[in-house]
Amino acid sequence: HELRTPLAVIQASASHALSRDREAWEYQRSLAEIQVATERAGSGVNSLLEMARLEAGQAVPRLAPLRLDLLVEEVAAATRLDGTVVEADDLTEVIVSADYSLLRQALSNLATNAGARAERVTLTVRVEDQWAVADVVDDGPGFDAEVLPHVFSRFKRGDEKGGTGLGLAIVKTIVDAHKGTIEAANRAEGGAVVSVRLRVAG
């Protein structure tokens, strides 16, 4: 569905533009629709290829000591979403063994996904026993109850504001490659929280 839909938009817009002579602004509108649909389809294809490489072991994480709290702070500062405040708070200093690029992508995906349906997203880091836990908390409507058990499956989206439905699936693939765990839940006070757990280094 997530790949067929943009392809259908491309085909329809192209056919509409070519069906008869039109004003320049009509051609521009059709081209704009095609561009947006192409970008969406390309994003979906790239995401699927990335997941396939990770699952096939072709993209092995390059593990090195990494300050998880500093990475979370960096992701929060770099995430810019219209109408949404993204912040880092309550960061416990902790070192994990991780691939910087992959883990940054995972946390960025979580922050962006949460921000698509919330006004405020807060990233925190805590330590539980030998686990470093990065929480991504939002004040949105939470996950649909029927979707929540399958939220990390491919092409599942928490609501209609989501993207390709691959963002959370990619995050889980990255976390699995680090031998960590991930879970999503709705908060009693409203909103949702996604928690990534990685072993503390050493």
For L63, net neighbour charge (Lys/Arg +1, Asp/Glu -1) across residues whose Cβ lies under 15 Å away: +3
Degrees, to the nearest 10: 167-177 long Cα axis against longest axis of the chain: 40 degrees
The range 1-145: relative contact order in percent, alpha carbon pairs under 8 Å with at least 6 residues between: 19 percent
Calculated Kirkwood radius over Cα pairs in Å (choose from (i) 18.3; (ii) 17.2; (iii) 17.7), label: (i)
Fraction in percent of alpha-carbon pairs per bin - 10 Å, the range 1-113: 12, 27, 26, 20, 11, 4, 0
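A short reminder: the numbers here are calculations on the coordinates, not readings from a lab. Treat the numbers as computed from the prediction; the structure is a model and nothing was measured. We place every Cβ from the backbone using ideal geometry, glycine too, and count neighbours over all the protein chains shown.
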